[in-house]
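Participant: Take a look at this one; I'll ask things after.
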Amino acid sequence: MTEPTKVQSSNIHAINWKDGTLTVHFKNGGIYDLKDVPEDLHKQFMAADSKGSFFHHNVKGKFTASKREPA
């Protein structure tokens, strides 16, 4: 898997997208994999001024998510 891209956000630490899976690393330590996320939505997420707001309005609750256990 490619390395996640660190982002400027008060809640989100880093974001990664590969083969339809969006991985969001939160600053509180939570890591979530969201399935079947279109690449275009990932690009919009990365370009958003507010990553947290974009996640809340366009991603959260709209895709199948699983919490990743810490490594």
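The values are calculated or read from the model by the stated rules, or taken from the named source; none is laboratory data. In this text the structure is predicted, and so the values were computed from the model without any measurement. Cβ placement follows ideal geometry from the backbone for every residue including glycine, while neighbour counts extend to all protein chains displayed. Surface areas here come from the heavy atoms of the whole protein model, side chains and all, with no ligands, DNA or RNA. Shrake-Rupley method; radii C 1.70, N 1.55, O 1.52, S 1.80 Å.
Participant: Could you list, in sequence order, all residues of the stretch 30-52 that are out of contact with any helix residue (DSSP H, G or I) (no Cβ under 9 Å at 6 or more places or on another chain) and under 14 Å from S66 (Cα atoms)?
Facilitator: G30, I31, Y32, D33, L34, K35, D36
Participant: Looking at the structure I just gave you, is P4 modelled with pLDDT under 95 and open to solvent by less than 90 Å² (accessible area, probe 1.4 Å)?
Facilitator: yes
Participant: May I ask you to verify whether F63 is more than 19 Å from K6 (Cα to Cα) and surrounded by 15 or more Cβ atoms within 10 Å (Cβ to Cβ)?
Facilitator: Yes.
Participant: What single numbered condition from (1) farther than 18 Å from T2 by Cβ; (2) more than 10 Å from the chain's Cα centre (by Cα); (3) open to solvent by less than 70 Å² (accessible area, probe 1.4 Å) fails to hold for G52?
Facilitator: (2)
Participant: Surrounded by 11 or more Cβ atoms within 10 Å (Cβ to Cβ), touching a strand residue (DSSP E or B) at 6+ places or on another chain (Cβ under 8 Å) and over 16 Å from F54 (Cα atoms), is that true of G30?
Facilitator: Answer is yes for this residue.
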